[in-house]
Each structure stands twice: as C-alpha cells, then as structure tokens.
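The values are calculated or read from the model by the stated rules, or taken from the named source; none is laboratory data. All values reported here derive from a predicted model rather than from experimental measurement. All Cβ positions, even for glycine, are placed from backbone atoms using ideal geometry, and neighbour counts span all protein chains on display. Ligands, DNA and RNA are stripped out before the accessible areas are found, and what is left, the full protein with its side chains, is counted by its heavy atoms. Shrake-Rupley method; radii C 1.70, N 1.55, O 1.52, S 1.80 Å.
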Amino acid sequence: MASHVEDSASLKDRTVVVTGGSSGIGRATCLHMAARGAAVVVHYRQNEAGAEETAEAIRAIGGEASIVQADLQSAADRESLVDICWQRHDRIDSWVHNAGADVLTGDAAKLSFQEKLDLLWAVDVRGTTDLARRVGDRMREQPAAGLPASMVFIGWDQAPHGMEGDAGMMFAPVKAAVMALSKSMAQTLAPDVRVNCVAPGWIRTAWGEVADEGWNRRAIDSSLLQRWGSPDDVAAAIAFLCSPAAAFINAQTLEVNGGWNRKP
C-alpha cells in the first residue's frame, strides 16, 4: 500500500510550469514539484535573481529546472512564454497559474485604489485568462500520455464571501473571476485537461511577514487551526492536484486555510 501511495504522488518524468516562481507560494510550489520528480520551468517577470535561486534550489535536490521571463500584462510575452515552454519540452503535463500582481508591497503599495484594481485586473484576470486559453489549446494538441494534463489556478478563500475594506473590494472580485475561470476552463478542456483551483486563506508571504499585530491576530483567529498558513501548505495542495493521486479530481476548488473559523 505504501508503495502504491508513493507512486500515485510521484511526478517523475513529468514537466511542470509554474508562473511567478521566483518567490513565495510560487517558489514553494516549484520545490514541491521537483521533490516529487518533475522537471520545472520557473517563470518570472522581473525578479531574475529570485528565479535563479529557485532553479538552483531545485538542482541542489537533484531536480531539473530552467527559467523563463515574461510580463503577463503583455499579449506578446504571453504568446512567447507558451512558445518557449513547448520549444523546450515536447509535453507540458501541468501548468500552475500562480503569478499575480503584488499591490501590497513595494512601489505598487503606494498606488491609488483604482490603479491597484486596474493592475490586478490586467494581470490576474485578463492576462491569466488569455494565457490559460493558449496553454489549454497546446495541451489539447500535444500527444496523449496516459493521464490528462492539468492546470491549477490560485483563488482566495474569502472571494465568494467578501471582506470589508479596500483589500476586500480589490481582491474579492478579481479572485472570484479567477475561480470562475477555472470552472469554465474545466468544462471547456475536459476530458483532455483537468482544471482545478486552490483557494488559500491567510498565508504568511511577504506581506504577512510585515503585517501589524491587528492583522496577525485576525489571521490566526480566522483559522480553526489557529495559525497562519505557509507557502508550503499551499504548494503541497497544488502538487497533489497535479499528481496521479488526483486523477479523478476535476473542476474543484480546494480551500487551504486550516478550516474557516465560524465560532463566535
């Protein structure tokens, strides 16, 4: 039984693309994929050093990795990204749509609400939708290899319910759109491609590291497990959904939040 479980979780001889793989959840996902035996293509927009660090970490555990640059706001870059991935590899078994605009840290945190919303919509919705359609077409055209190819999108556990304030009014509509896109892509691409979505809760990424005590307490109290989630928690769920162990899981949204705390 143990051997069967290990085999079903393996990604050996598979190729995976992870967008936004230079840090955070993206980097953790790349490493989880590599640990299961996958060759990993690490996408980045401008953090080339971070992407190289991810690739080197993969190679350090005996994995195969390459990096590729693309700005997902650009239609030409999206087209080039897909072309490069299929030029390097005869087959892409899984594509993780992790990249999204960061409007909480760095220079983008200083933008107005409307500017942040425009950026999120351009990258997370328009860019992701166009990229997913291109990837889906290529996946349907490539030779069959036993199991269907797979895609995973990244949503947000609070998107269907809403959250007060500017953050809620930005991220809820954007991530709800991504979650709805994943459902429609699953309907469109079946039975050739499995499509699922992971909806993280409070995850301690770059913003979480500098969150004040009020947000820290809210994150902990929101989870039945009484802690922040980690990038590894999310990455493990993504890797599972791409593995043969999830071969009959399709068109689903998996919340990774420790269980939403509804206690008074």
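A 1.4 Å probe run over the protein chains yields, for the chain, 47 Å² of accessible area per residue, whole-number rounding. How far, in degrees from 0 to 90, does helix 48-60 lean away from the longest principal axis of the Cα atoms of the chain, to the nearest 10? The helix 48-60 is inclined about 50 degrees to the chain. Loop-located trypsin sites (Lys or Arg not before Pro) across the stretch 29-135 with a Cβ neighbour count of 16 or fewer within 10 Å are R91, with loop assigned by DSSP. Which distance in nm do the two modelled labels at W215 and Q46 give, with both placed 7 Å along the Cα-to-Cβ direction? Going from the W215 label point to the Q46 one covers 2.0 nm.
The Rg/Rh ratio for the stretch 155-199, using Cα coordinates for both the radius of gyration and the Kirkwood hydrodynamic radius, is 1.11.
What's the FRET efficiency of A9 with Q114 using the Cβ-Cβ distance as r and R₀ = 35 Å, to the nearest 0.05?
Plugging the Cβ-Cβ distance into 1/(1 + (r/R0)^6) gives 0.20.
Here the simple spin-label model places points 7 Å from the Cα toward Cβ, and for Q226 and Q142 these points are separated by 4.5 nm.
Taking T15, T188, T205 and ordering them by how much accessible surface each has at a 1.4 Å probe, largest first, produces T188, T205, T15.
Computed about its Cα centre, the charge dipole of the stretch 210-253 is approximately 100 debye, with only Lys, Arg, Asp and Glu carrying charge at their Cβ. For K116, the lysines whose Cα falls under 29 Å of its own Cα, not counting residues fewer than eight places away in the same chain, are K175, K183. Taking all Cα pairs closer than 8 Å and separated by 6 or more residues, the relative contact order of the stretch 1-158 comes to 22 percent. For the chain, the longest principal axis of the alpha carbon atoms and the long axis of helix 24-35 meet at an angle near 30°.
Restricting the calculation to Cα atoms, the stretch 164-264 shows an Rg/Rh of 1.02 when the hydrodynamic-style radius is the Kirkwood one. So who's got an amide H within less than 5 Å of the one on V256, skipping anything under 5 residues away but keeping other chains? H placed 1.01 Å off N, in plane. It is A199, G201, by chain and number.
Looking at the chain, send over the antiparallel percent of its DSSP beta bridges, to the nearest 5.
So the antiparallel bridges amount to about 5 percent of the total.
Kindly provide the helix-only [θ] at 222 nm of the chain, computed as the sum of -39,500 (n - 2.57) over DSSP H runs of four or more divided by all residues, to the nearest 500 deg cm²/dmol? After summing the helix terms and dividing by residue count, I get -14000 deg cm²/dmol.
Please list the equivalent ellipsoid semi-axes of the chain, computed as the square roots of five times the alpha-carbon gyration tensor eigenvalues, in descending order and whole angstrom.
The answer is 28, 21, 19 Å, longest axis first.
What angle, in degrees between 0 and 90 and rounded to the nearest 10, separates the Cα long axis of helix 75-88 from the longest principal axis of the Cα atoms of the chain? It is inclined by approximately 40 degrees.
Three principal axis extents of the stretch 1-72 based on alpha-carbon atoms, in descending order, are 44, 24, 20 Å. Using the Cα centre of the chain as origin and beta-carbon charges of +1 (Lys, Arg) and -1 (Asp, Glu), tell me which of I154, A51, S243 is placed farthest towards the positive end of the dipole. Farthest along the dipole direction, towards plus: S243. The alpha carbon convex hull volume per residue for the stretch 48-174 rounds to 142 Å³.
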